[in-house]
Amino acid sequence: MNILSIETSCDDTGIAILEVENSKFPPDQINLKANLVSSQIEVHREWGGIVPHLAKREHQKNLIPVLKKSFQEADLKTEPFDFDSQKMKTVEEILEREEKLLADLRQFLQETGRPDIEFISVTCGPGLPPALWTGVNLARALSYYWSIPLIGVNHLEGHLVAPWITIDDLPADIFPSIFVLVSGGHTQIINARDFGQYEVLGETRDDAAGECFDKTARLLGLPYPGGPEISREAARWNQLSNQEKAAQPEEIKKIEFPRPMINSDDYDLSFSGLKTAVLYAHRQQKQEIIDHQYYVPKMAAEIQKSIIDVIIKKGLKAAREINAQHIFLNGGVAANKLLREEFKRKARQEGFQLFVPPFQFCTDNAAMIGLAGFYHYLQEDRDSWSDLKVNSTLRL
Ligand code: KG4
Ligand code: ZN
């Protein structure tokens with residue numbers, strides 16, 4: 001069966017078409033017929049972060065072109081289907097606040113027959129409300145117009161099933177496992193007892209890990225998104241030999257930041273104190289040091305190390321505590337090479353294997369939403385196009 005999935009919780013417009021082979025979860029085989037992500041980074045970069053109404057505008061603009069392209073890539077069979085102007089009236093009501101999207105959709109529906117799709121899976125939360133609504137309203141309109149079942153999916157559950165999109169090397173005994181989800185919007189340590197059975201053991205009390213990368217990068221004058229920038233700058237410091245490091249000014253060598261809550265008795269994390277520490281250290285620094293070629297690299301290396309240390313320590317503590325089979329790392333921050341390497345190494349030392357999906361399935365994508373939808377499809381969960389709503393603070 002084919003699954004159409006839509007993801008617009010934040011700043012990526014994602015559409016995927018998955019073909020799954022059998023009716024068990026996880027399926028033995030997944031054929032990713034299309035998995036498209038249209039990034040809005042260039043639009044948000046000049047604001048130094050994501051601007052919700054711009055995210056909505058971009059989703060409105062991108063959704064139908066990306067949908068069209070996904071249909072082409074997947075080479076979907078479509079049934080001849082006369083344009084139904086009566087049904088179109090309800091579609092207009094569903095998309096009354098999405099003018100641009102409605103215009104594109106009308107044209108698309110005139111050109112495209114009813115596709116061979118079993119159900120539509122869409123992210124309904126958590127995320128930015130205006131962004132979420134755009135995707136949900138498109139899914140509702142398509143579900144109604146083509147009479148295709150609709151399933152609203154929790155974005156976080158999408159991240160949790162993401163490792164199974166590329167199933168090949170995953171062991172059979174998965175549960176219980178610890179899932180460490182670190183992105184721009186979320187930082188959670190989750191005990192998964194089975195698919196569908198998740199317990200959030202701990203989470204950030206303030207900023208998400210990715211948000212901390214982004215905000216501290218901005219303090220240092222680095223562009224958005226800050227994670228990759230910090231990681232690149234940090235590598236410039238980390239690649240120096242000990243001798244080269246020793247030859248740098250004292251003010252640079254002594255830069256060091258706290259690791260908030262690293263020894264607390266729970267699984268919660270906190271990153272706003274680190275951000276404040278970076279701000280004060282930066283403000284108090286002499287200009288000649290700020291201008292030094294290794295000032296930003298050393299700051300970045302220390303910021304990165306503080307964030308990584310806390311994530312790994314808490315993740316391992318949780319894995320030990322629940323006697324986990326494995327540890328899974330997901331979310332955009334999993335792109336961080338040092339985090340992956342150190343986490344893998346330290347996990348191995350304690351007898352755990354750390355799994356990290358390929359990067360495109362760590363960041364926001366629609367394939368993971370389609371797969372999470374398949375789980376709910378097998379549970380016979382269904383939503384109705386007339387009732388499905390966004391829940392921007394949805395929890396696992
Ligand atoms: O999962 P994601 O694409 O979007 C959501 O937030 O849901 O994650 C984006 C976050 C950003 O905060 C970005 O700075 C961070 O992931 N990120 C990184 C790296 N690449 C992306 N953080 C640290 N190191 C990286 N290499
Ligand atoms: Zn995400």
Gyration tensor (Cα) of the chain, equivalent ellipsoid semi-axes in angstrom: 41, 25, 17
Charge sum, other residues only, whose C-beta stays under 13 Å from ARG114's C-beta, Lys/Arg counted +1 and Asp/Glu -1: -4
For segment 142-223, rounded, prolate or oblate, judged on the Cα gyration tensor with a ≥ b ≥ c (square roots of eigenvalues), a/c < 1.5 rounded, else prolate if a/b > b/c? oblate
Whole-number value, in Å³ per residue, for the convex hull of the alpha carbons of segment 230-305 is 98
Hey, how much of the P(r) for segment 287-396 falls beyond 21 Å, as a percent of Cα pairs? 57
How much accessible area does MET1 have with a 1.4 Å probe, in Å² rounded to the nearest 10? 70
Kindly sort ASP207, ASP214, ASP383 by accessible area of their heavy atoms, largest first, with the probe set to 1.4 Å. ASP383, ASP214, ASP207
At R0 = 45 Å the Cβ-Cβ FRET efficiency linking MET1 and ARG348, nearest 0.05, sits at 0.70
Starting at the first residue of segment 159-165, write each ³J(HN,Hα) from the Karplus equation 6.51 cos²θ - 1.76 cosθ + 1.60 with θ = phi - 60°, in whole Hz, x for Gly and Pro. 4, 5, 8, 3, x, 7, 5
Between segment 320-350 and segment 280-309, how many Å separate their Cα centres? 26
Theoretical ellipticity at 222 nm over the chain - DSSP helices of four or more residues, -39500 (n - 2.57) apiece, nearest 500: -14000 deg cm²/dmol
Show me the trypsin sites (Lys or Arg not before Pro) within segment 55-96 that DSSP assigns to loop and that have at most 12 other Cβ atoms within 10 Å of their Cβ. LYS77
Using the Karplus curve 6.51 cos²θ - 1.76 cosθ + 1.60 with θ = phi - 60°, work out ³J(HN,Hα) for each residue of segment 386-392 in order, rounded to whole Hz, and write x for Gly and Pro. 7, 10, 4, 10, 7, 10, 5
Charge tally in the Cβ shell below 13 Å around THR276, where Lys, Arg are +1 and Asp, Glu are -1, THR276 excluded: +1
Dividing the alpha-carbon radius of gyration of segment 184-277 by 2.2 N^0.38 Å, where N counts its residues, gives 1.35
LYS100-GLU46 pseudo-label distance in nm [points 7 Å out on the Cα-to-Cβ vector]: 1.4
Report P(r) for segment 347-396: all Cα-Cα distances, bin width 10 Å, range 0 to the bin holding the largest distance, values in whole percent. 18, 34, 29, 14, 4, 0
If one computes the Cα centroid of segment 49-83 and of segment 353-379, what distance in Å separates the two points? 20
Cα centroid distance between segment 213-259 and segment 104-127, in Å? 45
Rounded to the nearest 10 Å², the accessible area of SER9 using a 1.4 Å probe with every protein chain kept is 10
Whenever you get a sec, line up HIS159, HIS53 from highest to lowest accessible area (probe 1.4 Å, protein heavy atoms). HIS53, HIS159
The chain - share of DSSP beta bridges that are antiparallel (%, nearest 5): 60
Sparsely packed GluC sites (Glu not before Pro) within segment 20-76, loop by DSSP, other Cβ within 10 Å at most 13: GLU21, GLU46
Which trypsin sites (Lys or Arg not before Pro) does segment 268-300 hold that lie in a coil by DSSP with at most 11 other beta carbons within 10 Å? LYS286
Across 10 Å bins from 0, what is the distribution of all Cα-Cα pair distances for segment 173-356, in whole percents? 10, 37, 32, 16, 4, 1
Using the Cα gyration tensor of segment 108-171, with a ≥ b ≥ c the square roots of its eigenvalues, what is the shape: rounded (a/c below 1.5), prolate (a/b larger than b/c) or oblate (neither)? oblate
Taking a virtual spin label 7 Å from the Cα of ASP309 along the C-beta vector, which residues in segment 253-297 bring their backbone nitrogen under 13 Å of it? 255-264, 274
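The values are calculated or read from the model by the stated rules, or taken from the named source; none is laboratory data. Everything numeric here is computed off the predicted structure, so don't read it as measured data. With ideal geometry, Cβ positions are generated from the backbone for all residues, glycine too; neighbour counts draw on all protein chains shown. Protein only, heavy atoms only, side chains kept; ligands, DNA and RNA dropped before computing areas. Shrake-Rupley method; radii C 1.70, N 1.55, O 1.52, S 1.80 Å.
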